[in-house]
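Presented below is the structure to which this report refers.
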């Protein structure tokens with residue numbers, strides 16, 4: 001008979017000594033996640049295409065813990081490889097990979113261009129796959145049966161319900177990312193790596209700024225919880241998935257949207 005080993009509340013969510021990579025971690029949802037992990041005791045590497053954004057974010061986030069920012073163009077396969085090489089230099093293990101970097105393109109159906117597919121799919125779908133490929137050896141090394149390594153893909157509620165805006169490649173790429181999450185969860189579970197996705201609703205970010213400026217009050221009013229997302233909402237679900245509390249969860253897509261998509 002297996003005897004349950006109960007942990008304390010603090011131990012359930014303690015991430016002290018862990019190391020994470022958060023792509024797109026210099027702003028918006030990525031910065032919310034990076035800050036939450038830092039506050040939970042994680043040493044965090046963040047990335048962004050802009051060296052200036054990296055420097056600014058590293059300075060800002062350093063108030064919460066040990067953070068390193070690395071410029072990287074993750075829309076290119078070689079950019080993903082180079083970031084992976086820097087992250088794994090010195091053979092320091094990586095416990096948590098958060099694939100958050102993404103792109104959005106709104107344009108009417110009649111004029112929706114090829115570039116809107118290539119740009120969005122490369123960053124939203126191919127980049128997470130390339131990074132998982134490159135970082136899988138170090139994630140395997142970090143994971144154990146009791147404490148798996150964690151991959152957290154940032155999807156979207158646009159992949160759960162039909163968005164009102166003409167962002168065809170965005171919603172499609174995020175739906176594909178959700179399916180990739182489930183596919184990899186089954187394959188990597190026996191290797192002590194969990195793979196889950198978070199599907200955010202409306203959060204204050206550069207990507208959502210124009211929409212929230214124009215429709216923020218209406219979006220909040222239509223949500224069952226009557227508000228848009230806050231920093232702690234995104235930090236909380238990420239810490240849960242990365243901690244002992246989320247160790248038995250894999251292949252899940254968790255909407256963090258105040259009920260917008262799940263009750264539509």
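Just so it is clear, none of the values below were taken in a lab; they were calculated from the coordinates. Note that the coordinates shown come from a computational prediction; the quantities given were computed from them, not determined experimentally. When we count neighbours, we look across all protein chains shown, and the Cβ atoms used for this are built from the backbone with ideal geometry, even at glycine.
Each of residue 248 and residue 164 was given a label point 7 Å from its Cα along the Cα-to-Cβ line. The distance between the two points is 4.1 nm.
Applying 0.36 nm per residue to the separation of residue 39 and residue 264 and subtracting their alpha-carbon distance, the gain on full extension is 77.6 nm.
For the chain, adding -39500 (n - 2.57) for each run of n ≥ 4 DSSP H residues and dividing by the number of residues yields -13000 deg cm²/dmol at 222 nm.
For region 10-256, the spread of Cα coordinates along the three principal axes comes to 49, 38, 38 Å, biggest extent given first. For the chain, the longest principal axis of the alpha carbon atoms and the long axis of helix 28-39 meet at an angle near 20°. For the options 81, 35, 165, a Gaussian network treatment of the chain with springs between C-alpha atoms closer than 10 Å singles out 165 as fluctuating the most.
For the chain, the relative contact order is 20 percent, taking Cα pairs closer than 8 Å that sit 6 or more residues apart in sequence and dividing their mean separation by the residue count.
Extension gain, residue 56 to residue 109: 0.36 nm times the residue separation minus the Cα-Cα distance gives 15.4 nm. Packing, taken as the mean count of other beta carbons within 10 Å per residue, orders the peptides 182-188, 253-259 from highest to lowest as 253-259, 182-188. Label sites at residue 222 and residue 179, each approximated as a point 7 angstrom past Cα along Cα to Cβ, lie 2.6 nm apart. If both residues of a DSSP beta bridge must be in region 10-256, then about 0% of such bridges are antiparallel.
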